[in-house]
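Beneath this line is the structure, given in structure tokens, with notes to follow.
Every number here is computed from the coordinates shown, using simple stated rules; none is lab data. Model, not experiment: these values are computed from the prediction. FYI the Cβ positions are ideal-geometry reconstructions off the backbone, even for glycines, and counts take in every protein chain you see.
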Amino acid sequence: MEKFFDFTPDPKVLIALTHTPMLPLDALCELIDNAIDGFAAARIQGIPTEKPIIVVDLPARKDIVGNTGVLRVVDNGPGMTAETAEKAIKAGFSGNNPYDSLGLFGMGFNISTGKIGRVTRFRTARKEDNFCTDTIIDLEKINNTKNYRLPAIESPKPDNFTNGTIIEVSNWWPEGNPNRGFIYKLVQYGLRQIREEIGRRYSTILQTRDIQIIINSEKCEPFEHCTWGENRFVERRIGQISAIYKFDQIIGNQSRCGKCTALIPQGDAECPSCHSTSIRTIEEHVKGWIGIQRFDSLTEYGIDLIRNGRAIRIAEKTAFFEFVDDLKKVTIDYPIDNQYGRIVGEVSLDFVPVDFLKQDFQRSSDEWQRAMRFLRGESSLQPTKPNAENNNSIVFKLYQGYRRVRTFGKADMYMGYWDADSNTAKRISRDVEKDFYSKFKQKLPGYYDDSEWWKKVEEADTKPIEAMVECPTCSAQNLKESDVCAVCGQILRSKHCISESCGAIIPLSAQICPICGSSQVPIVQIPWTCGVCGTRNRSELTICSNCGQIKGTLNPLSLEYLQSVSNKDDSLSLNGFSIQMADGSNSTPVNVNVYVSSEQIVSLRSGAKIPIISFKTIGQIDIFIDKTHRMFRTCRVRPEELISSEIAMFIYDTNRNLNNYCEHNLSNLSWAIMEKGWIDQIEDNPEKLATEISSFLFQIKERLSDIFGTDADILFEELTTQQQRLLADEIITSGGEIAQLGEMRKTGEYLRYVPADFILNIFNQIPEKFFNGGIWDVDYGNVVNGPLGEEAVKHAQQRIKSTYENCLEDLIMLIQYRMTEPISIQRAKLSFEFLSKKWVV
């Protein structure tokens, strides 16, 4: 007699499903996915939902603590029949196709609801019915009775509910259960953060306004990346590289079974797995954009990978910025010049399969591999790595344009300001970036678009106006405070006569109009206080009776004025700074904001130039320095030393109770501050300097390869036997093919790999290639056309050549012989600074 085994799983299996690892927000997304897929299914069936909406109600914390309250998700989709509803709630069942949806009900529904609470009520209704199909899943009851049969009743529709689905989860898990506190952790995020996270995960759907998601009566706003506009670009050797690339590309097609999703071999008419004849052609459609964020970040960069409207991976980095070769060796491509990145994007990969919890794409699948080949290519992003010359992907192109931020301004498309001391552009303060980003999120004009951001990019390329002002008429030089040219009388700073009948343009400081004779002094009814010296003046005076300054002039030593002419320097600023005191305690944390003034700081009384000035309040010090002051330029005192002294005085004054400790003095405090705050920057570090110099010399070799091109072939003969050996070693070490050396010789690419001392060989033979905009922005050959005689020209060229030759020798000696003597390090450091200042972007 034939026997049959009962294969119905024990109810404990259903309980075990609820122990599957899942984050609370992911559980909420599973329930939102179900509603979104209901809308998608209705659209495919030709009955799209008008104004689709998903309403989520989360319980309050006090309700969870008291084991009351309900998590409710309601949608206005088409609803289900009783038969469809029965399949939808069955663990492991998924009735919809996996290509147009996120995964309707089934396993994900059971896991997510089961982790949230013990009891789930499921109601669904169609528009044409006058009732709801209503059932309750009580996990503990099922486990105790061993009965999977659930009563399904027809209950009245709730008020204002005509069609859709309602999911309600309640009865939170008790102490001792692994899911205890799961729902509490969800609401503990806070409604604001939950809405932001949902807005990020479903931004593609929310941006089109096709579907609204409401959480506790407030709408979720879609996340938007803060990227540069399509009209922005950088110039590189390969041409213009745009700040953003949009794409909508079909990279392939495949035939799949419409029932079991198995792959159908080309030409077959039925599924080899289930023999279904329902065959569907799936387009491998890659759509989205990849671009450059307006600011860089340690964490907030990477590419969002989306499937059917939901971000499966947020800010994905590994797939795009790491390369694994055939030997499983990992190369980290980005960021490598520093820790900050700014490449972002949103890419839809609806055809790539995901794991059953939708935590990640199936990265071993052929679909994933084809998508990555299209998006980031089949090589490292670094141009000198093997096969990089064949990489034409979007990410590769953006990497070539934006891999580093070396030069602030248009060259590398980054906000900054011009620093008069170093005669270079400096990075904008991160405080300014945060302020701009806050205004972007508020969608303020100029900040939501990138026009105000771009002004800061342009400011980094704009040198400050010199102290002297040139007269537009006679070209005479005048003090910047002058209203009238001292030579020809041309008005330099003007205003209009206040007389309505006149309105002539007159000097800014004129008290009487020279045209009509009317007084330019406004009628003031109350006394005024001079902003410079603080003197109280009579109302009729327009010039301070004490210091002679015009009314309204700001005190140039005031906090308000100095902030208006300064830029914050993040590298010198310290947040929440504290040091250990003489008694072993820590000093009260203080925020130190350091600003670099674009003007000289001058004493009002003596007229002497001041290197530093500070403003101290409770918990904060605002310090302003003039980097052009002779103390920094010729006496070679570092700004960090003076800043440490200001902080030390602040800490000393607030801890006078420690005066009985002999080590509690300004000198020791200053050293402790410098050691904790800037030791890495101010201490001569041979290894760090050698790394920076090696990178600099490599860039010179890259530039020489571009400059000489095919003409570099003749230089190859100049390589000594030892230099040729080192060249071969470097090609192999860099992952190149030594067999390609012959081709590299023809194109000049071999110059990227030559030893550093060969740079000197080329420099001594053909110095003019290095100047006049080749490597350095220094006139060399142009002096021939000047007024100097031939001997004087040769002398001038020799001096220029000798200076740069000596500096190059210092750099090469340091890295070749790994010198550690302080004098050698100092020489190399100064030479590096000198050569970097004249570097051509």
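Modelled this way, with points 7 Å down the Cα-to-C-beta line, the labels at Trp528 and Phe834 are 5.2 nm from one another.
Both radii are taken from the alpha-carbon atoms of segment 483-553; with Rh as the Kirkwood radius, Rg/Rh is 1.02. The alpha-carbon positions of segment 273-354 define a convex hull whose volume is 137 Å³ per residue.
Which residues make up the longest stretch of the chain clear of chymotrypsin sites (Phe, Trp or Tyr not before Pro) that lie in a DSSP loop with no more than 10 other Cβ atoms within 10 Å, not counting the sites? The longest such stretch corresponds to 8-841. Computed over the chain, the per-residue total of -39500 (n - 2.57) for DSSP H runs of n ≥ 4 gives a 222 nm mean residue ellipticity of -9500 deg cm²/dmol, rounded to 500. Would you list, by chain and number, the aspartates and glutamates whose Cα falls below 12 Å from the Cα of Lys439, excluding same-chain residues fewer than 8 positions away? Answer for Lys439, where 12 Å is the Cα cut-off: Asp449, Asp450, Glu452, listed by chain and number. Maximal additional length on extending the Ser499-Arg818 stretch stands at 107.4 nm, based on 0.36 nm per residue less the C-alpha distance. Pairs of Cα atoms nearer than 8 Å and 6+ residues apart set the relative contact order; for the chain it is 6 percent. With respect to the chain, whose longest principal axis is taken over its alpha-carbon atoms, helix 24-44 is tilted by about 70°. Segment 573-597 and segment 171-210 have Cα centres separated by 39 Å. If R0 equals 45 Å, the separation of the Cβ atoms of Gln681 and Glu743 corresponds to a calculated FRET efficiency of about 0.55.
Can you flag which of Lys551/Lys837; Lys441/Lys551; Lys443/Lys616; Lys434/Lys551; Lys51/Lys90; Lys62/Lys127 are past 32 Å Cα-Cα? In this structure, Lys551/Lys837; Lys441/Lys551; Lys443/Lys616; Lys434/Lys551; Lys62/Lys127 exceed 32 Å between Cα atoms.
For segment 290-421, what D do you get in µm² per second when you plug the Kirkwood radius from alpha-carbon pairs into Stokes-Einstein at 10 °C and 1.306 mPa s? It comes out at roughly 100 µm²/s.
Taking 30 Å as the limit for the C-alpha separation, the pairs Lys185/Lys676; Lys480/Lys801; Lys328/Lys358 exceed it in the case of Lys185/Lys676; Lys480/Lys801. The separation of segment 433-494 from segment 219-271, counted between C-alpha centres, amounts to 43 Å. Using equal-weight Cα scatterers in the Debye expression, the normalised intensity of segment 23-75 in log10 at q = 0.19 Å⁻¹ is -0.72.
Can you compute 3J(HN,Hα) from phi for each residue in segment 574-589, using the Karplus curve 6.51 cos²θ - 1.76 cosθ + 1.60 with θ = phi - 60°, rounded to whole Hz and x for Gly and Pro? With coefficients 6.51, -1.76 and 1.60, one gets 9, 9, x, 7, 8, 10, 7, 8, 4, 8, x, 7, 9, 5, 4, x Hz.
For the pair Tyr448 and Arg363, label points projected 7 Å from Cα toward Cβ lie 3.8 nm apart.
Given R₀ = 41 Å, what would the calculated FRET efficiency be for Lys434 paired with Val330, taking r from the Cβ atoms and rounding to 0.05? Efficiency, from the Cβ-Cβ distance: 0.75. Taking a quarter of the surface of the convex hull around the Cα atoms of segment 330-369, what do you get in nm²? Result: 4.3 nm². Around the Cα centre of the chain, unit charges on the Cβ atoms of Lys, Arg, Asp and Glu (plus for the first two, minus for the last two) sum to a dipole of about 1600 debye. Taking the C-alpha atoms only, the angle from helix 639-654 to the longest principal axis of the chain is near 70 degrees. The distance separating the Cα centre of segment 635-668 from that of segment 598-634 comes to 18 Å.
Once segment 469-521 is represented by equal point scatterers at the alpha-carbon sites, with solvent omitted, what log10 I(q)/I(0) does the Debye formula produce at q = 0.15, 0.21, 0.26 Å⁻¹? Values returned for q = 0.15, 0.21, 0.26 Å⁻¹ are -0.42, -0.71, -0.91. What's the Cα-based Rg to Rh of segment 198-331, Rh via Kirkwood? Dividing the radius of gyration by the Kirkwood radius yields 1.07.
Here segment 554-649 yields Rg over Rh of 1.00, to two decimals, using C-alpha coordinates and the Kirkwood radius.
The charge dipole of segment 559-715, taken about the Cα centre with unit charges on the Cβ atoms of Lys, Arg (+1) and Asp, Glu (-1), comes to about 660 debye, rounded to the nearest 20. Of the residues Asn657, Phe716, Leu726, the one whose Cα sits farthest toward the positive end of the charge dipole of segment 639-746, with +1 on the Cβ of Lys and Arg and -1 on the Cβ of Asp and Glu, is Asn657. In this simple spin-label model, placing a label point 7 Å from the Cα along the Cα-to-Cβ direction at both Thr208 and Asn390 gives a separation of 3.7 nm.
Rg and Dmax of segment 215-281, based on Cα coordinates, read 22.7, 57 Å. For the chain, the longest piece that avoids every one of the GluC sites (Glu not before Pro) found in DSSP loops with at most 12 other C-beta atoms within 10 Å covers 176-465. The slack between Glu140 and Ser155, meaning 0.36 nm per residue of separation minus the straight C-alpha distance, is 3.0 nm. If only the Cβ of Lys and Arg carry +1 and only the Cβ of Asp and Glu carry -1, the dipole of segment 475-561 around its Cα centre is close to 100 debye.
Across segment 687-699, rounded Karplus estimates of 3J(HN,Hα) from the backbone phi angles (6.51 cos²θ - 1.76 cosθ + 1.60, θ = phi - 60°) give 5, 5, 5, 5, 5, 5, 5, 4, 4, 5, 5, 5, 5 Hz, Gly and Pro being marked x. For segment 327-402, the extents of the C-alpha atoms along the principal axes are 38, 26, 22 Å, listed from largest to smallest.
With the alpha-carbon atoms of segment 501-591 aligned to their principal axes, the span from lowest to highest coordinate is 73, 28, 19 Å, starting with the largest. Between 0 and 90 degrees, the angle of helix 790-817 with respect to the longest Cα principal axis of the chain falls at about 40 degrees. What the Cβ-Cβ distance of Gln240 and Glu378 gives, at R0 = 22 Å and to the nearest 0.05, is a FRET efficiency of 0.30. The share of C-alpha pairs in the chain whose separation exceeds 42 Å stands at 55 percent. A straight chain from Arg538 to Asn761 at 0.36 nm per residue would run longer than the Cα-Cα distance by 72.8 nm.
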